[in-house]
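**Q** Can you keep this structure in mind? I'll have questions shortly.
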Amino acid sequence: MPTRTPEEIRASIEQNRQELGTSIEKLRVEVVRLTDWRAQLRRHQQQVMIGAGIAGFVLGGGFAALGALSFGRRRREQ
């Protein structure tokens, strides 16, 4: 098994430290890019608008149905 000198070990450790620093910086930039919700909204504006429309339609229909059920019963009982 080949043995390394202390200088080779130190050089290897320093190289690993630099590579780790570069990797962490790349990861930080990627996390910032992915968590920028305003940019995500701009990028996917059409899909967001379609989703908002569908959600409004479903919620509006659900509220209308609940209103019809509750007010419809009261009218029948009178």
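**Q** Would you mind stating whether Gln78 is polar (S, T, N, Q) and modelled with pLDDT of 85 or more?
**A** Details: polar (S, T, N, Q): yes; modelled with pLDDT of 85 or more: no.
So Gln78 fails the test.
**Q** Could you give me the residue pairs with C-beta distances under 9 Å whose first residue belongs to segment 23-41 and is free of Cβ contacts under 8 Å to residues at least 40 places away in the same chain, whose second residue is assigned to a helix (DSSP H, G or I) and among the hydrophobic types (A, V, I, L, M, F, W, C) wherever it lies, and which are 6+ apart or on separate chains?
**A** Note: pairs meeting the criteria are Arg33/Ala39; Gln40/Leu34; Gln40/Val48; Leu41/Val48.
The values are calculated or read from the model by the stated rules, or taken from the named source; none is laboratory data. None of the values given here were measured: they were computed from a predicted structure. In this analysis, Cβ positions are derived from the backbone assuming ideal geometry, glycine residues included, and neighbour counts consider all displayed protein chains.
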